[in-house]
């Protein structure tokens, strides 16, 4: 079996490559030659140079593929058009290439996001796959449009959609700042309410993505692949502090208004410099929500998915790796 990946050089994608290789599956990935391939060095994965906006390279990439796992996406942008190009248009180009040049494809797995649905209504009502999609931000809206592209093509190709929540683990830089702050003895919390989240270790997510791709039960379906448990940020802070050897933590709570002010300022500066900001006003909207939680019931029922990495074990692995890399 040969699986083509997009986003293989990134955090989640590189772990999916690892799982596929462990299972004896041939891996091909499409990426620019200028991309950072550090997580794939020395691994048995074939590179097709190109991009999701280069139709000729897409034709070469899908040739001979039995399955496609589409992980690449736009997570930061200067405006909504940036997000549309990296999420909706990139997905459309890939789907069109499959339909035109690889109509016998056995599976197309599209990696979406919990952001497509928006937060849950309460701690007792985690988001489920049949809930209305109500994205709050440009990222969520354009990931929803990307889902629509895949949904529209499901009558022509066997496809599966996977929606992860917040992901952490080795190789991740998005949550690194949080761990660096805890390492300094500070627990940064947003607002004065209790925020609850689904929080998945990347190894669980990568395994779930591969199992959803290989299962005959999952064709035409959408799944949340997530932690079975829900967590709070104080809980994550305390476990992280224990792993880091910090006996005392200073809890610093930032009011929502302050968070939104900082996010808006950083976003404006990012636009002035022409670089997509890591934090902006819309990211602030996401960060101030109370219930970023989703149910894994359907994934468990359909293909036997279960969380295997506990919060303690996952944070220990992650922080140990950060230290080995000199990131902490």
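The values are calculated or read from the model by the stated rules, or taken from the named source; none is laboratory data. None of these values were measured; they are calculated from a predicted model. Using ideal geometry, Cβ is built from the backbone for each residue, glycine included, and neighbour counts are taken over all protein chains shown.
What the table below lists for this structure:
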item: Residues of segment 192-219 satisfying the condition of being over 24 Å from residue 312 (Cβ atoms), touching a strand residue (DSSP E or B) at 6+ places or on another chain (Cβ under 7 Å) and surrounded by fewer than 22 Cβ atoms within 10 Å (Cβ to Cβ); result: 192, 219
item: For residue 107: the one exception among (1) in contact with a helix residue (DSSP H, G or I) (Cβ under 7 Å, 6 or more places away or on another chain); (2) over 27 Å from residue 201 (Cβ atoms); (3) in contact (Cβ under 8 Å) with a residue 40 or more places away in the chain; result: (2)
item: Unmet requirement for residue 177, which otherwise passes all of (1) over 30 Å from residue 257 (Cα atoms); (2) in a helix (DSSP H, G or I); result: (1)
item: Entirely in segment 41-109, the helices (runs of 4 or more DSSP H) that have 1 or more residues that are buried (at least 17 other Cβ atoms within 10 Å of the Cβ) and in contact with a strand residue (DSSP E or B) (Cβ under 9 Å, 6 or more places away or on another chain); result: 55-62, 90-101
item: Qualifying residues in segment 129-142 (those that are part of a loop (DSSP other than H, G, I, E, B) and touching a helix residue (DSSP H, G or I) at 6+ places or on another chain (Cβ under 7 Å)) - the one farthest from residue 76 (Cα to Cα); result: 129
item: Identity of the residue in segment 267-283, assigned to a helix (DSSP H, G or I) and surrounded by 17 or more Cβ atoms within 10 Å (Cβ to Cβ), that ends up modelled with the lowest pLDDT; result: 270
item: In segment 257-274, the residues that are in contact (Cβ under 8 Å) with a residue 60 or more places away in the chain and out of contact with any helix residue (DSSP H, G or I) (no Cβ under 8 Å at 6 or more places or on another chain); result: 270, 271, 274
item: Filtered residue count, segment 284-328, keeping only those that are part of a loop (DSSP other than H, G, I, E, B), in contact with a strand residue (DSSP E or B) (Cβ under 8 Å, 6 or more places away or on another chain) and surrounded by fewer than 17 Cβ atoms within 10 Å (Cβ to Cβ); result: 1
item: Residue check, residue 230 closer than 21 Å to residue 19 by Cα and either free of Cβ contacts under 8 Å to residues at least 12 places away in the same chain or buried (at least 19 other Cβ atoms within 10 Å of the Cβ) (or both); result: no
item: Of the criteria (1) in contact with a helix residue (DSSP H, G or I) (Cβ under 8 Å, 6 or more places away or on another chain); (2) surrounded by fewer than 18 Cβ atoms within 10 Å (Cβ to Cβ); (3) under 25 Å from residue 135 (Cα atoms); (4) at pLDDT 95 or above, which one residue 149 fails; result: (2)
item: Output for segment 117-146, where each listed residue is surrounded by 15 or more Cβ atoms within 10 Å (Cβ to Cβ) and in contact with a strand residue (DSSP E or B) (Cβ under 6 Å, 6 or more places away or on another chain); result: 117, 119, 120, 126, 127, 129
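The rows are residues; the columns are (1) out of contact with any helix residue (DSSP H, G or I) (no Cβ under 6 Å at 6 or more places or on another chain); (2) under 16 Å from residue 209 (Cα atoms); (3) in contact (Cβ under 8 Å) with a residue 60 or more places away in the chain.
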{"residue": "15", "(1), (2), (3)": "no, yes, yes"}
{"residue": "19", "(1), (2), (3)": "no, yes, yes"}
{"residue": "32", "(1), (2), (3)": "yes, no, no"}
{"residue": "37", "(1), (2), (3)": "yes, no, no"}
{"residue": "45", "(1), (2), (3)": "no, no, no"}
{"residue": "57", "(1), (2), (3)": "yes, no, no"}
